[in-house]
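Data block below; observations after.
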Amino acid sequence: MILNFKKVACLVLVLAAFAASGCKEKPNEAEARASEVKTRAVKVSVMKINPAPMRDILTLPGGTEAINDVRLAAETDGTVEWIGPSEGDSVEKDQLIAKVDVKALQTVLQRAQADYKLKQDLAKRRELLHKKKAIPQEDLDRILTERLVAKQALVEARVRYEQGRIKSPLKGRVNHLYVDQGEFVGRGDPVADIVDLEKVKINLNVPELDVRFIQPGEPALITIDAYPERKWMGKVEFVAFKADPATKTFRVRVLVENKDRAIRPGMIARASLERRFIKDALAIPMFAVLDKGGERVIFVEKDGVAQARAIEIGVIGQDRIQITKGINPGENLIISGQNEVEQGMAVTVQ
């Protein structure tokens, strides 16, 4: 019995000694563990956050139109006797475009001119005779009335003659001719389209939340899909006071100089307008923002440790985004390796 007790006591002492020796970690093993932790630190790149100017730009599509686009119509019935310019030709203001039944109208005009001249000569002779008391007042009044009627007839004949001579009301180009020489046209029938391309207008539909930032006279940067390598500067000419009831947007018209006539009516344009200018914005690259369960999150580096920050955003630019809450000037934003870190994880700045 005493022998068994001695055996058990010896076994307990041996186990206790073994456990004590196992709890003590050798110095080289502790260093190895520390080196392993350091090796697991994620390599990241950072950028220091500093306030900088930022422009809030609104870009909207729109269609181009000629500044002046008129359709000339016949003002009288008749045959098209002559057509001057061809499609695509440049025309000046008041340049003759076509003649409609001018020969017949010219005959009427010449007759009216001759009649008026005759009545005018007769009136002068009757006035002399009346002064000499050679004719009564009634004869003088009659010829004066006939002269007045002849004058009115001459004015009407001249107006009708001019109506047969179709002129361009503006400087521009002939975009389309609707008639050919020898064709009969009725009053009101289209004859030609004249467009002025020295300036073009772009109509934009601006959302109601943005229209308050747009004022007449403000500049606008214009790009045309057909000319991706070119840019034009325009100016806001008009901002509608009433919204479109169907779209709830406000029409904004931008004018653009088009001296080389490269922009043609009907092309698709894009206008960039400045909504706001922020002098000291805290802006970061958009790719630095992560989506964590529906929440916008960024990571900053502080003392070799990654810190997660929930953020609130403001203005969104082409490649930058304004942060209104969640980061402070001077902090180091992680812009490379942010997808591999978590809150409190050790990082190494490259």
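We did not get these values from a lab; they are worked out from the coordinates using the rules stated. Just so you know, these numbers come straight off a predicted model, no measurement behind them. Every residue, glycine among them, receives a Cβ derived from its backbone with ideal geometry; neighbour counts consider all protein chains shown.
Given N residues in the stretch 282-349, what is Rg(Cα) / (2.2 N^0.38 Å)?
1.04
Among VAL211, VAL174, what is the fewest-to-most ranking by other Cβ atoms within 10 Å?
VAL211, VAL174
Please order GLU295, GLU146, GLU229, GLU257 by the number of other Cβ within 10 Å, starting at the fewest.
Fewest-to-most Cβ neighbours within 10 Å comes out as GLU229, GLU295, GLU257, GLU146.
What percent do you get for the relative contact order of the stretch 282-349 when only Cα pairs under 8 Å and 6+ apart count?
38
Which values, in whole Å and largest first, are the semi-axes of the equivalent ellipsoid of the stretch 102-163 obtained as the square root of 5 times each eigenvalue of the Cα gyration tensor?
Computed over the stretch 102-163, the values are 30, 9, 6 Å.
If you place +1 on the Cβ of every Lys and Arg, -1 on the Cβ of every Asp and Glu, and leave all else neutral, what size is the dipole of the chain about its Cα centre, to the nearest 20 Debye?
Result for the chain is approximately 800 debye, rounded to the nearest 20.
Cα-Cα over 31 Å: which of LYS93/LYS119; LYS201/LYS242; LYS167/LYS259; LYS93/LYS201; LYS93/LYS235?
Listed pairs above 31 Å: LYS93/LYS119.
List, in order, the whole-Hz ³J(HN,Hα) value for each residue of the stretch 78-83 obtained from phi through the Karplus relation with A = 6.51, B = -1.76, C = 1.60 and θ = phi - 60°; use x for Gly and Pro.
x, 8, 6, 8, 7, 10
As a check on your grasp of the helix formula, calculate [θ] at 222 nm for the chain: sum -39500 (n - 2.57) over DSSP H runs of n ≥ 4, divide by the residue count, round to the nearest 500.
-9500 deg cm²/dmol
Which of the lysines could a cross-linker bridge to LYS325, judged by Cα under 21 Å and excluding same-chain residues fewer than eight apart?
Here the lysines satisfying the reach criterion relative to LYS325 are LYS48, LYS279, LYS292, LYS302.
With a point put 7 Å past each Cα toward its Cβ, work out how far LYS199 is from PHE241 in nm, to one decimal.
Label at LYS199, label at PHE241, 2.1 nm between them.
Given all pairs of different Cα atoms, what value in angstroms does the Kirkwood hydrodynamic radius of the chain take?
Evaluated over the chain, this radius sits at 29.8 Å.
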